[in-house]
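The values are calculated or read from the model by the stated rules, or taken from the named source; none is laboratory data. Quick caveat, the model's predicted, so the values are computed rather than measured. Every residue, glycine as well, gets a Cβ built from its backbone with ideal geometry; the counts of neighbours run over all protein chains shown. Surface accessibility is based on the protein's heavy atoms, side chains included, excluding ligands, DNA and RNA. Shrake-Rupley method; radii C 1.70, N 1.55, O 1.52, S 1.80 Å.
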Amino acid sequence: MSDGILPLEAEIRRLIARAGPMPVSEYMSLCLADPRHGYYITHDPIGSAGDFTTAPEISQIFGELIGLWAAATWRQMGAPENVRLVELGPGRGTMMRDALRAAAVVPGFHNALVVHMVEISPALQARQRRTLDQAGVPMLWHSSFEEVPPGPLIVLANEFFDALPIHQAVKQDDGWHERMVDVDGVGNFAFTIGPDAIPLFDKAVPPALREALEGDIFEWRPDRPALELGRRIVREKGAALVIDYGHATSALGDTLQAVGAHSFADPLATPGMIDLTAHVDFEALAQAAESIGANAHGPLDQGEFLWRLGLEMRASSLKRHATQSQIYDIDAAVTRLTAGGRDGMGRLFKVLALGHPSLGELPGFET
Ligand code: SAH
(Lines give C-alpha, C1' and ligand atoms only; values in the text may rest on other atoms or scores of the structure.)
Protein backbone atom coordinates (compact mmCIF):
# COMPACT_ATOMS: atom_id res chain seq x y z
CA MET A 1 0.00 0.00 0.00
CA SER A 2 1.26 3.52 -0.77
CA ASP A 3 -0.22 6.96 0.05
CA GLY A 4 -3.07 5.20 1.84
CA ILE A 5 -4.38 3.86 -1.47
CA LEU A 6 -5.27 0.17 -1.56
CA PRO A 7 -3.32 -1.70 -4.24
CA LEU A 8 -6.50 -2.85 -6.00
CA GLU A 9 -7.94 0.66 -5.88
CA ALA A 10 -4.78 1.95 -7.60
CA GLU A 11 -5.05 -0.81 -10.20
CA ILE A 12 -8.72 -0.03 -10.95
CA ARG A 13 -7.91 3.70 -11.26
CA ARG A 14 -5.17 2.83 -13.77
CA LEU A 15 -7.53 0.64 -15.80
CA ILE A 16 -10.24 3.34 -15.87
CA ALA A 17 -7.71 6.05 -16.82
CA ARG A 18 -6.53 3.89 -19.70
CA ALA A 19 -9.77 2.40 -21.03
CA GLY A 20 -12.63 4.46 -19.55
CA PRO A 21 -15.42 3.33 -17.21
CA MET A 22 -15.54 -0.43 -16.53
CA PRO A 23 -18.69 -2.58 -16.41
CA VAL A 24 -19.93 -3.48 -12.90
CA SER A 25 -19.12 -7.11 -13.73
CA GLU A 26 -15.46 -6.33 -14.36
CA TYR A 27 -15.27 -4.29 -11.16
CA MET A 28 -16.87 -7.12 -9.15
CA SER A 29 -14.62 -9.69 -10.73
CA LEU A 30 -11.47 -7.72 -9.87
CA CYS A 31 -12.67 -7.06 -6.30
CA LEU A 32 -13.37 -10.73 -5.60
CA ALA A 33 -10.95 -12.69 -7.71
CA ASP A 34 -8.02 -10.54 -8.86
CA PRO A 35 -5.14 -13.05 -8.64
CA ARG A 36 -3.09 -10.78 -6.36
CA HIS A 37 -5.50 -8.48 -4.52
CA GLY A 38 -8.96 -10.09 -4.83
CA TYR A 39 -10.98 -10.41 -1.65
CA TYR A 40 -11.30 -14.21 -1.78
CA ILE A 41 -7.61 -14.57 -2.58
CA THR A 42 -6.41 -12.53 0.39
CA HIS A 43 -9.05 -13.14 3.07
CA ASP A 44 -10.73 -15.88 5.07
CA PRO A 45 -14.08 -14.11 5.02
CA ILE A 46 -16.18 -16.54 7.02
CA GLY A 47 -17.02 -16.93 10.70
CA SER A 48 -17.41 -14.58 13.62
CA ALA A 49 -13.96 -13.00 13.12
CA GLY A 50 -14.56 -12.67 9.37
CA ASP A 51 -17.02 -10.61 7.38
CA PHE A 52 -20.04 -12.89 7.22
CA THR A 53 -21.40 -16.19 8.53
CA THR A 54 -22.89 -18.94 6.42
CA ALA A 55 -25.38 -21.71 7.18
CA PRO A 56 -22.78 -24.49 7.69
CA GLU A 57 -20.97 -22.28 10.21
CA ILE A 58 -24.22 -21.65 12.12
CA SER A 59 -24.96 -25.31 12.82
CA GLN A 60 -23.52 -28.73 12.05
CA ILE A 61 -27.08 -29.83 11.27
CA PHE A 62 -27.00 -27.93 7.97
CA GLY A 63 -24.08 -29.89 6.52
CA GLU A 64 -25.38 -33.15 8.00
CA LEU A 65 -28.73 -32.81 6.22
CA ILE A 66 -27.00 -31.88 2.96
CA GLY A 67 -24.81 -35.00 3.32
CA LEU A 68 -27.89 -37.18 3.77
CA TRP A 69 -29.44 -35.51 0.72
CA ALA A 70 -26.32 -36.38 -1.31
CA ALA A 71 -26.40 -40.01 -0.17
CA ALA A 72 -30.13 -40.34 -0.93
CA THR A 73 -29.54 -38.82 -4.37
CA TRP A 74 -26.69 -41.27 -4.98
CA ARG A 75 -29.07 -44.16 -4.23
CA GLN A 76 -31.61 -42.66 -6.59
CA MET A 77 -28.88 -42.64 -9.27
CA GLY A 78 -28.65 -46.43 -8.81
CA ALA A 79 -25.79 -46.26 -6.29
CA PRO A 80 -22.97 -46.07 -8.90
CA GLU A 81 -19.68 -47.58 -7.69
CA ASN A 82 -17.83 -44.38 -8.51
CA VAL A 83 -19.30 -40.95 -7.95
CA ARG A 84 -17.70 -37.54 -7.72
CA LEU A 85 -19.01 -35.47 -4.83
CA VAL A 86 -18.18 -31.95 -5.95
CA GLU A 87 -18.44 -28.81 -3.82
CA LEU A 88 -18.25 -25.38 -5.44
CA GLY A 89 -16.81 -22.66 -3.18
CA PRO A 90 -16.43 -24.73 0.01
CA GLY A 91 -15.32 -21.88 2.31
CA ARG A 92 -13.75 -23.44 5.39
CA GLY A 93 -14.77 -26.99 4.43
CA THR A 94 -17.25 -27.20 7.29
CA MET A 95 -20.24 -28.28 5.22
CA MET A 96 -18.28 -31.10 3.55
CA ARG A 97 -16.93 -32.30 6.89
CA ASP A 98 -20.41 -32.46 8.45
CA ALA A 99 -21.91 -33.94 5.27
CA LEU A 100 -19.37 -36.78 5.09
CA ARG A 101 -19.72 -37.60 8.76
CA ALA A 102 -23.51 -37.84 8.56
CA ALA A 103 -23.55 -39.75 5.25
CA ALA A 104 -21.17 -42.41 6.61
CA VAL A 105 -24.28 -44.24 7.89
CA VAL A 106 -25.40 -44.96 4.32
CA PRO A 107 -23.85 -48.32 3.34
CA GLY A 108 -21.46 -48.11 0.39
CA PHE A 109 -21.61 -44.35 -0.04
CA HIS A 110 -18.16 -43.47 1.33
CA ASN A 111 -16.55 -46.28 -0.67
CA ALA A 112 -18.04 -44.92 -3.89
CA LEU A 113 -16.81 -41.37 -3.34
CA VAL A 114 -14.05 -39.17 -4.55
CA VAL A 115 -14.57 -35.66 -3.23
CA HIS A 116 -13.66 -32.74 -5.53
CA MET A 117 -13.35 -29.32 -3.93
CA VAL A 118 -13.54 -26.39 -6.36
CA GLU A 119 -11.97 -23.37 -4.68
CA ILE A 120 -10.37 -20.29 -6.17
CA SER A 121 -8.58 -19.16 -3.00
CA PRO A 122 -5.28 -20.85 -2.05
CA ALA A 123 -5.75 -19.75 1.58
CA LEU A 124 -9.20 -21.31 1.78
CA GLN A 125 -7.95 -24.47 0.04
CA ALA A 126 -5.38 -24.81 2.83
CA ARG A 127 -8.06 -24.22 5.41
CA GLN A 128 -10.29 -26.89 3.81
CA ARG A 129 -7.43 -29.41 3.85
CA ARG A 130 -7.06 -28.87 7.59
CA THR A 131 -10.80 -29.19 8.23
CA LEU A 132 -10.99 -32.40 6.21
CA ASP A 133 -7.76 -34.18 7.10
CA GLN A 134 -9.67 -36.87 9.02
CA ALA A 135 -12.47 -37.25 6.48
CA GLY A 136 -11.36 -40.73 5.39
CA VAL A 137 -12.31 -40.40 1.70
CA PRO A 138 -10.08 -39.45 -1.25
CA MET A 139 -10.14 -35.71 -1.91
CA LEU A 140 -8.85 -33.53 -4.72
CA TRP A 141 -8.76 -29.75 -5.09
CA HIS A 142 -9.33 -27.69 -8.24
CA SER A 143 -9.56 -24.01 -9.00
CA SER A 144 -12.40 -24.41 -11.51
CA PHE A 145 -15.30 -26.80 -12.12
CA GLU A 146 -13.99 -27.59 -15.63
CA GLU A 147 -11.05 -29.42 -14.01
CA VAL A 148 -13.29 -32.03 -12.37
CA PRO A 149 -12.84 -35.22 -14.43
CA PRO A 150 -15.84 -36.72 -16.25
CA GLY A 151 -18.12 -39.28 -14.59
CA PRO A 152 -21.31 -39.46 -12.52
CA LEU A 153 -21.42 -36.55 -10.11
CA ILE A 154 -23.29 -34.86 -7.29
CA VAL A 155 -22.57 -31.14 -6.99
CA LEU A 156 -23.17 -29.02 -3.90
CA ALA A 157 -22.96 -25.22 -3.88
CA ASN A 158 -23.82 -23.12 -0.84
CA GLU A 159 -23.38 -19.36 -1.26
CA PHE A 160 -21.26 -19.87 -4.38
CA PHE A 161 -23.35 -18.35 -7.17
CA ASP A 162 -23.93 -15.08 -5.26
CA ALA A 163 -20.16 -14.48 -5.41
CA LEU A 164 -19.99 -14.76 -9.21
CA PRO A 165 -19.89 -11.35 -10.93
CA ILE A 166 -23.13 -9.78 -12.16
CA HIS A 167 -23.71 -7.40 -15.02
CA GLN A 168 -26.17 -4.56 -14.50
CA ALA A 169 -28.15 -2.73 -17.17
CA VAL A 170 -30.08 0.51 -16.58
CA LYS A 171 -33.24 1.30 -18.58
CA GLN A 172 -33.04 4.57 -20.52
CA ASP A 173 -35.41 6.12 -23.06
CA ASP A 174 -33.53 4.53 -25.97
CA GLY A 175 -33.04 1.06 -24.42
CA TRP A 176 -30.87 -0.63 -21.80
CA HIS A 177 -27.36 0.68 -21.05
CA GLU A 178 -24.67 -1.18 -19.14
CA ARG A 179 -24.01 0.18 -15.63
CA MET A 180 -20.36 1.09 -15.19
CA VAL A 181 -17.87 2.20 -12.54
CA ASP A 182 -16.02 5.47 -13.20
CA VAL A 183 -14.00 8.05 -11.26
CA ASP A 184 -16.12 11.14 -10.49
CA GLY A 185 -15.15 14.85 -10.45
CA VAL A 186 -13.74 14.68 -6.92
CA GLY A 187 -11.77 11.51 -7.53
CA ASN A 188 -14.07 8.88 -5.97
CA PHE A 189 -15.39 5.76 -7.66
CA ALA A 190 -18.99 6.29 -8.78
CA PHE A 191 -21.58 4.43 -10.84
CA THR A 192 -22.30 5.75 -14.33
CA ILE A 193 -24.25 4.60 -17.33
CA GLY A 194 -22.58 3.44 -20.56
CA PRO A 195 -23.10 5.85 -23.49
CA ASP A 196 -24.75 3.40 -25.92
CA ALA A 197 -27.79 1.17 -25.62
CA ILE A 198 -26.89 -2.54 -25.62
CA PRO A 199 -28.06 -3.83 -29.02
CA LEU A 200 -31.14 -6.11 -28.90
CA PHE A 201 -31.03 -6.24 -25.12
CA ASP A 202 -34.82 -6.01 -24.79
CA LYS A 203 -34.97 -9.61 -26.03
CA ALA A 204 -32.61 -10.76 -23.25
CA VAL A 205 -34.83 -9.29 -20.53
CA PRO A 206 -37.56 -11.70 -19.37
CA PRO A 207 -40.91 -10.75 -20.99
CA ALA A 208 -42.51 -9.88 -17.63
CA LEU A 209 -39.85 -7.21 -17.02
CA ARG A 210 -39.90 -5.46 -20.40
CA GLU A 211 -42.23 -2.74 -19.14
CA ALA A 212 -39.41 -1.42 -16.94
CA LEU A 213 -39.32 2.32 -16.22
CA GLU A 214 -36.43 4.64 -16.92
CA GLY A 215 -33.78 4.12 -14.24
CA ASP A 216 -34.80 0.53 -13.46
CA ILE A 217 -31.91 -1.92 -13.16
CA PHE A 218 -31.78 -5.46 -14.53
CA GLU A 219 -29.00 -7.81 -13.39
CA TRP A 220 -27.70 -10.95 -15.01
CA ARG A 221 -24.84 -13.39 -14.75
CA PRO A 222 -23.20 -15.14 -17.67
CA ASP A 223 -24.99 -18.48 -18.23
CA ARG A 224 -21.76 -20.43 -18.59
CA PRO A 225 -21.49 -21.93 -15.08
CA ALA A 226 -25.16 -23.03 -15.11
CA LEU A 227 -24.81 -24.44 -18.64
CA GLU A 228 -21.68 -26.35 -17.70
CA LEU A 229 -23.41 -27.76 -14.62
CA GLY A 230 -26.44 -28.79 -16.70
CA ARG A 231 -24.27 -30.30 -19.44
CA ARG A 232 -22.33 -32.47 -16.99
CA ILE A 233 -25.49 -33.62 -15.22
CA VAL A 234 -27.14 -34.62 -18.48
CA ARG A 235 -24.12 -36.17 -20.19
CA GLU A 236 -22.51 -37.98 -17.28
CA LYS A 237 -25.58 -38.47 -15.07
CA GLY A 238 -25.89 -36.65 -11.83
CA ALA A 239 -27.53 -33.96 -9.79
CA ALA A 240 -26.75 -30.63 -8.17
CA LEU A 241 -28.02 -28.72 -5.16
CA VAL A 242 -27.70 -24.94 -5.27
CA ILE A 243 -28.41 -23.02 -2.07
CA ASP A 244 -28.18 -19.27 -2.06
CA TYR A 245 -29.94 -16.05 -1.34
CA GLY A 246 -31.93 -14.59 -4.17
CA HIS A 247 -35.24 -14.54 -5.96
CA ALA A 248 -37.27 -17.45 -7.32
CA THR A 249 -38.41 -15.48 -10.37
CA SER A 250 -36.41 -12.88 -12.30
CA ALA A 251 -36.93 -9.37 -10.96
CA LEU A 252 -35.76 -5.80 -11.43
CA GLY A 253 -33.57 -3.99 -8.89
CA ASP A 254 -30.02 -3.32 -7.78
CA THR A 255 -28.96 -6.09 -5.37
CA LEU A 256 -25.19 -5.56 -5.44
CA GLN A 257 -24.11 -5.45 -1.82
CA ALA A 258 -20.93 -5.18 0.16
CA VAL A 259 -20.56 -6.75 3.58
CA GLY A 260 -17.61 -6.20 5.89
CA ALA A 261 -17.34 -7.08 9.57
CA HIS A 262 -20.96 -8.34 9.55
CA SER A 263 -22.50 -5.06 8.38
CA PHE A 264 -23.40 -3.45 5.07
CA ALA A 265 -20.80 -1.24 3.43
CA ASP A 266 -20.34 0.86 0.28
CA PRO A 267 -19.49 -1.50 -2.63
CA LEU A 268 -17.20 1.13 -4.18
CA ALA A 269 -15.32 2.19 -1.04
CA THR A 270 -12.61 -0.41 -0.36
CA PRO A 271 -12.13 -2.67 -3.38
CA GLY A 272 -10.64 -6.04 -2.50
CA MET A 273 -11.16 -5.58 1.23
CA ILE A 274 -14.84 -6.46 1.55
CA ASP A 275 -17.17 -9.09 0.17
CA LEU A 276 -19.35 -8.22 -2.82
CA THR A 277 -22.36 -10.35 -3.66
CA ALA A 278 -25.67 -10.07 -5.48
CA HIS A 279 -28.94 -12.00 -5.44
CA VAL A 280 -29.06 -15.21 -7.43
CA ASP A 281 -31.75 -15.20 -10.13
CA PHE A 282 -32.95 -18.79 -9.68
CA GLU A 283 -35.30 -18.58 -12.66
CA ALA A 284 -32.40 -17.71 -14.98
CA LEU A 285 -30.20 -20.41 -13.45
CA ALA A 286 -32.90 -23.09 -13.81
CA GLN A 287 -33.69 -22.03 -17.38
CA ALA A 288 -30.04 -22.22 -18.45
CA ALA A 289 -29.68 -25.76 -17.06
CA GLU A 290 -33.05 -26.83 -18.51
CA SER A 291 -32.09 -25.45 -21.93
CA ILE A 292 -29.62 -28.31 -22.31
CA GLY A 293 -31.85 -31.00 -20.91
CA ALA A 294 -31.44 -31.03 -17.11
CA ASN A 295 -34.53 -31.10 -14.90
CA ALA A 296 -34.93 -28.28 -12.39
CA HIS A 297 -36.63 -28.88 -9.02
CA GLY A 298 -37.80 -26.01 -6.84
CA PRO A 299 -36.62 -23.57 -5.78
CA LEU A 300 -37.91 -24.14 -2.26
CA ASP A 301 -37.33 -21.77 0.64
CA GLN A 302 -34.35 -22.96 2.68
CA GLY A 303 -36.53 -23.29 5.80
CA GLU A 304 -39.03 -25.52 4.03
CA PHE A 305 -36.28 -27.64 2.48
CA LEU A 306 -34.51 -28.23 5.80
CA TRP A 307 -37.78 -29.19 7.54
CA ARG A 308 -38.46 -31.68 4.75
CA LEU A 309 -35.02 -33.22 5.18
CA GLY A 310 -35.69 -33.82 8.88
CA LEU A 311 -34.22 -30.79 10.64
CA GLU A 312 -36.56 -31.18 13.59
CA MET A 313 -35.63 -34.80 14.27
CA ARG A 314 -31.91 -34.09 13.98
CA ALA A 315 -32.17 -31.10 16.33
CA SER A 316 -34.11 -33.17 18.91
CA SER A 317 -31.59 -35.97 18.83
CA LEU A 318 -28.69 -33.52 19.33
CA LYS A 319 -30.55 -31.91 22.22
CA ARG A 320 -30.95 -35.24 24.01
CA HIS A 321 -27.22 -35.25 24.80
CA ALA A 322 -26.80 -31.50 25.27
CA THR A 323 -26.37 -29.15 28.23
CA GLN A 324 -28.89 -26.37 28.84
CA SER A 325 -26.74 -23.78 27.12
CA GLN A 326 -26.12 -26.11 24.15
CA ILE A 327 -29.89 -26.63 23.86
CA TYR A 328 -30.30 -22.88 23.74
CA ASP A 329 -27.66 -22.65 20.97
CA ILE A 330 -29.29 -25.44 18.92
CA ASP A 331 -32.70 -23.74 19.12
CA ALA A 332 -31.18 -20.38 18.15
CA ALA A 333 -29.39 -21.95 15.16
CA VAL A 334 -32.56 -23.71 13.98
CA THR A 335 -34.44 -20.41 14.16
CA ARG A 336 -31.71 -18.56 12.27
CA LEU A 337 -31.61 -21.19 9.49
CA THR A 338 -35.37 -21.41 9.02
CA ALA A 339 -37.07 -18.19 10.10
CA GLY A 340 -38.42 -15.57 7.69
CA GLY A 341 -37.84 -11.86 8.10
CA ARG A 342 -34.63 -9.87 8.00
CA ASP A 343 -32.63 -11.89 10.51
CA GLY A 344 -33.65 -15.37 9.40
CA MET A 345 -32.27 -17.22 6.41
CA GLY A 346 -35.34 -19.41 5.97
CA ARG A 347 -37.17 -17.36 3.32
CA LEU A 348 -34.42 -15.26 1.78
CA PHE A 349 -32.34 -18.34 0.97
CA LYS A 350 -33.63 -20.73 -1.66
CA VAL A 351 -32.71 -24.25 -2.69
CA LEU A 352 -32.74 -25.38 -6.32
CA ALA A 353 -31.89 -28.89 -7.46
CA LEU A 354 -30.88 -29.91 -10.95
CA GLY A 355 -31.03 -33.52 -12.03
CA HIS A 356 -30.68 -35.93 -14.91
CA PRO A 357 -34.21 -36.46 -16.29
CA SER A 358 -34.09 -40.21 -15.52
CA LEU A 359 -33.83 -39.47 -11.77
CA GLY A 360 -37.36 -38.13 -11.44
CA GLU A 361 -38.15 -36.21 -8.26
CA LEU A 362 -35.13 -35.59 -6.08
CA PRO A 363 -35.10 -35.99 -2.27
CA GLY A 364 -36.83 -33.09 -0.53
CA PHE A 365 -38.57 -31.88 -3.70
CA GLU A 366 -41.35 -34.50 -3.80
CA THR A 367 -44.68 -32.87 -4.53
N1 SAH B 1 -19.80 -22.50 0.83
C2 SAH B 1 -19.07 -21.85 1.91
C3 SAH B 1 -18.40 -20.53 1.51
C4 SAH B 1 -19.24 -19.48 0.84
S5 SAH B 1 -18.29 -18.05 0.43
C6 SAH B 1 -19.99 -21.67 3.10
O7 SAH B 1 -21.19 -21.80 2.92
O8 SAH B 1 -19.50 -21.37 4.19
C9 SAH B 1 -17.90 -18.28 -1.28
C10 SAH B 1 -16.86 -19.34 -1.55
O11 SAH B 1 -16.68 -19.45 -2.95
C12 SAH B 1 -15.48 -19.08 -0.97
O13 SAH B 1 -14.91 -20.31 -0.60
C14 SAH B 1 -14.76 -18.45 -2.17
O15 SAH B 1 -13.37 -18.47 -2.05
C16 SAH B 1 -15.29 -19.32 -3.28
N17 SAH B 1 -15.26 -18.72 -4.62
C18 SAH B 1 -15.65 -17.49 -4.99
N19 SAH B 1 -15.53 -17.32 -6.33
C20 SAH B 1 -15.08 -18.51 -6.81
C21 SAH B 1 -14.78 -19.00 -8.13
N22 SAH B 1 -14.92 -18.21 -9.19
N23 SAH B 1 -14.34 -20.26 -8.26
C24 SAH B 1 -14.20 -21.08 -7.18
N25 SAH B 1 -14.47 -20.67 -5.91
C26 SAH B 1 -14.89 -19.41 -5.73
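Quick notes
- Here's the list of lysines a cross-link from LYS171 could span, going by alpha-carbon distance under 22 Å and ignoring same-chain residues fewer than 8 apart: LYS203.
- Surface composition of the chain: carbon plus sulfur atoms contribute 53% of the solvent-accessible area (1.4 Å probe, protein chains only, all chains present).
- Applying the Karplus relation 6.51 cos²θ - 1.76 cosθ + 1.60 with θ = phi - 60° to segment 350-362 yields 3J(HN,Hα) values of 10, 10, 10, 10, 10, x, 4, x, 5, 7, x, 5, 8 Hz, where x marks Gly and Pro.
- Taking all protein chains as they are arranged and a probe of 1.4 Å, the heavy atoms of SER250 leave approximately 20 Å² accessible to solvent.
- Per residue of the chain, the DSSP helices (runs of n ≥ 4 H) give a summed -39500 (n - 2.57) that works out to -10000 deg cm²/dmol at 222 nm.
- Under 5 Å between amide hydrogens, built in the peptide plane, is the criterion, and for THR53 it picks out GLY47 among residues at least 5 positions away or on other chains.
- Sites count as exposed loop sites when they are trypsin sites (Lys or Arg not before Pro), lie in a DSSP loop, and have at most 14 other Cβ atoms within 10 angstrom; the longest stretch of the chain without one is 37-209.
- Taking amide H as placed 1.01 Å from N in the peptide plane, the amide H of VAL155 sits under 5 Å from that of VAL86, ALA239, ALA240, LEU241, each at least 5 places away or on another chain.
- In Å², nearest 10: area of PHE264 left accessible to a 1.4 Å probe: 140
- Sparse-neighbourhood loop sites, GluC sites (Glu not before Pro) in segment 36-110 - DSSP loop, at most 10 other Cβ within 10 angstrom: GLU81
- THR192 long-range amide H proximity, modeled H, under 5 Å: MET180, VAL181, ASP182
- Rounded to 5, percent antiparallel among DSSP beta bridges of segment 219-301: 75
- Among beta bridges that DSSP assigns inside the chain, antiparallel share in %, nearest 5: 60
- Contact order, relative form, for segment 155-270: 31 percent (alpha carbon pairs under 8 Å, 6 or more residues apart, mean separation divided by residue count).
- Estimated vicinal HN-Hα couplings, Hz - segment 98-113 in sequence order (Karplus 6.51, -1.76, 1.60; Gly, Pro = x): 5, 5, 5, 4, 5, 7, 4, 6, 8, x, x, 5, 4, 5, 7, 8
- For the chain: accessible area per residue (Å², 1.4 Å): 45
- Under Karplus coefficients 6.51, -1.76 and 1.60, residue-wise ³J(HN,Hα) of segment 179-194 in Hz, glycine/proline x: 7, 10, 10, 9, 9, 7, x, 9, x, 9, 5, 8, 6, 9, 10, x
- Measuring with a 1.4 angstrom probe and ignoring ligands and nucleic acids, ILE292 comes out at about 70 Å² accessible.
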